[in-house]
Amino acid sequence: MAGEEGGGEHTQDGTVDLKGNPVLRCKRGGWKACSFILAYEVFERMAYFGISSNLVIYLITKLHQGTVKSANNVTNWAGTVFLTPILGAYVADAYLGRYWTFLIGSVIYLLGMILLTLAVSISALKPPPCGQSINVAECKQASTLQLAVFYGVLYILALGTGATKPNISTIGADQFDDFHPKEKAHKLSFFNWWIFSVFFGTLFATTFLVYIQDNVGWALGYGLPTIGLAISFTIFIAGSRFYRHKVLTGSPLTRMARVIVAAFRKWRVPVPADLGELYELDLKEYEVKGKFRIESTTSLRFLNKASVQTGSSNTPWMVCPVTQVEETKQMLRTTLDRAVGSFQIPAASISGFATISMLVSVVIYDLYFTKVMRKWTKNPRGITLLQRLGTGFALSIVVMLVAALTERRRLSVARSHGIVENGGRVPLSIFTLLPQFVLVGMMDAFSLVGLIEFFYDQAPENMKSLGTSCALVCAGIGSFLSSFLLSTVSHITKRHGQKGWILNNLNASHLDYYYFFLAVLSFLNFIFFIGVSRLYVYRAEVSDSMEVLKEEDLRVMSTFKVTNEQELGNFDSQLFV
């Protein structure tokens, strides 16, 4: 069939429709398909943050739990939300595919939202109101059944999001063909605009929905997110005929396990000096399956033993193709390099200010920062993936320090006005917090977007969902560590006769100490990240589209320079006419 620029009318990356047929580039995928995914993300994030942003307040005011206990319970739940994607990614990559796994997860997610709305609406599922009592301990506590129902529903939500989170962004990125230079360029921008849609929905949730929950009622405050999720699900289904799909290639975890087992079983077998002697499948076998063959590398050399042919056995648990070994190496390198992010703990909850800052920062990054940096670095991304992450980590140190200094000033004002013991309102403008929230938005524009893009881009072709889930798992581990640190710090300070850093009365607390502590952790995190990043080896591109983009950038810059020189020459000649 006659070819279009970049590889013909059919996509070249092995994508198919739901029936397994090759797809036409002009009929499916691209920004047309992604528009449904981005719209879905706006409403879904509105739903998710509509329930999570004010969840601590609900636990305190309606279920009568203390501040620290409520914060820990919510943090543990949030950690679970970020851990369940491993299960969703495994099912998607190994059995059902991303599309069907996502649909099943969405049904569970929507069911959980409906049940949660009922849980906050039915009086029998909540303890009686606390009245005007300030001390939570004086209120009637929620019964075991009431707590079991509420938390049971929350963890149903965690299961549903576990199937949707690692697959929605991956489905979006799959709509662009790496073998087509123009589509490859669009994929470089996709994650910026995906995160933009995430925070656009978040902004609505943390402003309008929080206001509804605080001033109208929890039934409506949770009912609206449920309706929003139903709308998002409908939007995603409506775009089904435009989506491209990756072909299933089996369980990635099983393939990785085979490589590791085979390497250890042959730990005494030497690796040949000529890596071409290692076992590998014929190139045609990969082309038929829409996969890519990867050349052997010397990094993590021990795993190359899995491809050494000994003649004793050719079972998959004894000898593995080079490509399978290299895929395992890439997942291990990616995970180890980002595992340091487990210590990346947020300094404060995200507010509307941070969300607006994030939205503005993403637009500036994609439309201006990338283009400016391209001229200096000659990199189509502007800066590398690790440089983007490192910049975000450096900004996190600044965020922690600014948050600590701001909190210290707030406590100083509280003491000067004598409102420490009664927990009264501190006479400071909300805009005092503006600098740290602006910095949080800038930080996320680098670290959050960079994190998702790094794991998707660097994961092997048939492990994209698993790679994306690893990014979410790092955030989940960070949430659990945050809860652990908060509890540990509170316990240690109480043992030494102090009141603790975080109390129900924030004016009598010492959040500034906690923020300084997190600043130190962020600094250690940054140093460790720099050390690990220097050893990291990027995954080789599966096509030459990145090189084509570099040549195109150089051609445009050269044309611009020649045009300017010609115009300048014409101007000079006109001066002397």
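The values are calculated or read from the model by the stated rules, or taken from the named source; none is laboratory data. Fair warning: this is a prediction, and the values are worked out from it, not measured in the lab. Positions of Cβ are generated from backbone atoms using ideal geometry, with glycine treated the same way; all protein chains shown enter the neighbour counts. Surface areas here come from the heavy atoms of the whole protein model, side chains and all, with no ligands, DNA or RNA. Shrake-Rupley method; radii C 1.70, N 1.55, O 1.52, S 1.80 Å.
Annotations for the structure displayed:
- For segment 216-243, a tally of residues being assigned to a helix (DSSP H, G or I) and over 24 Å from the mean Cα position of the chain (by Cα) returns 11.
- Only listed residue being touching a Gly at 6+ places or on another chain (Cβ under 9 Å), more than 24 Å from L87 (Cα to Cα) and open to solvent by less than 40 Å² (accessible area, probe 1.4 Å), chosen from G221, G239: G221
- Long-range neighbours under 6 Å by Cβ, at least six apart or interchain, first residue assigned by the TED database to the domain that holds E421 within segment 498-511, second at pLDDT below 65 and in a loop (DSSP other than H, G, I, E, B): N505/G423; N507/G423
- Scanning segment 164-202 for residues that are touching a helix residue (DSSP H, G or I) at 6+ places or on another chain (Cβ under 6 Å), of a type in the set (D, E) and modelled with pLDDT of 85 or more turns up just one, D177.
- Pairs are defined by a Cβ separation below 6 Å, a sequence spacing of at least 6 or placement on different chains, a first member in segment 297-323 that is outside any loop (DSSP other than H, G, I, E, B), and a second member that is among the hydroxyl-bearing types (S, T, Y); the pairs so defined are S307/Y279; V322/S296; V322/S307.
- Residue ranges of helices (runs of 4 or more DSSP H) in segment 1-91 with at least 3 members open to solvent by 30 Å² or more (accessible area, probe 1.4 Å) and modelled with pLDDT of 85 or more: 30-52, 85-91
- Only one entry in L428, L405, L434 is in contact with a helix residue (DSSP H, G or I) (Cβ under 7 Å, 6 or more places away or on another chain), aliphatic (A, V, I, L, M), more than 30 Å from F191 (Cα to Cα) and surrounded by fewer than 19 Cβ atoms within 10 Å (Cβ to Cβ), namely L428.
- Filter pass, S342 being assigned to a helix (DSSP H, G or I), at pLDDT 90 or above and under 30 Å from T75 (Cα atoms): no
- Residue within segment 452-460 that is over 15 Å from the mean Cα position of the chain (by Cα) and buried (at least 19 other Cβ atoms within 10 Å of the Cβ) present: yes
- When segment 277-295 is filtered for residues that are at pLDDT 75 or above and within 20 Å of A257 (Cβ to Cβ), the ones remaining, listed by number, are L278, Y279, E280, L281, I294.
- Residue match in segment 361-373 (condition: part of a helix (DSSP H, G or I), assigned by the TED database to the domain that holds M443 and small (G, A, S)): yes
- Top-ranked residue in segment 512-537 [being touching a helix residue (DSSP H, G or I) at 6+ places or on another chain (Cβ under 7 Å) and hydroxyl-bearing (S, T, Y); ranked as least open to solvent (accessible area, probe 1.4 Å)]: S522
- Residue in segment 420-432 that is under 30 Å from G531 (Cβ atoms), in contact (Cβ under 8 Å) with a residue 12 or more places away in the chain and among the small types (G, A, S) present: no
- The lone criterion from (1) at pLDDT below 85; (2) not assigned by the TED database to the domain that holds R45 left unmet by D214 is number (2).
- Every residue from segment 146-195 that is of a type in the set (G, A, S) and surrounded by fewer than 24 Cβ atoms within 10 Å (Cβ to Cβ): A148, G152, A158, A173, A185, S189
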